[in-house]
Amino acid sequence: MSRKPLRGRADERIRVLTCPRFGLSQTELEELLGEYLPWAEVIGPGSGKSGTVPECRDPDDRKFLQLASRAGAVALVTGDEALLARTGQVVFEILGPAELKARLA
């Protein structure tokens, strides 16, 4: 899969990362994005693999499962309890931020 620029598509990532729960300074945010964005790929409808994902109570949650499935993700990291409840129902892992941090330590 070829890499495509994320211009204009990183807005949601930046919005989420500026949430107080992450406690990132502007410098930390810039460093994180500087390391993350060069590795990011745009996955659009019909891209990559397709897989079956479970229905979700919140339809907005399902798109994240579909995206992870199409991208061939190893894991989806989320703080959303409804998505975390889908652990074992998809071919990739669904991890909370604390679990990911512990694994990376």
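Structure above, values below:
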read-out: Amide H partners (placed H, <5 Å) of E93, local residues excluded; value: A75, L76
read-out: Calculated from backbone phi, Karplus (6.51, -1.76, 1.60) coupling profile of the range 23-39 in Hz, x at Gly/Pro; value: x, 8, 6, 4, 5, 5, 4, 4, 5, 4, 5, x, 8, 7, 4, x, 9
read-out: Cα-projected label distance for L104 with V77, points at 7 Å along beta-carbon direction, nm; value: 0.3 nm
read-out: Normalised per residue, the volume of the convex hull around the Cα set of the range 46-105 (Å³); value: 78 Å³
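The numbers here are math on the coordinates, done by the rules we state, and not lab data. Computed from a predicted structure; not experimentally measured. In this analysis, Cβ positions are derived from the backbone assuming ideal geometry, glycine residues included, and neighbour counts consider all displayed protein chains.
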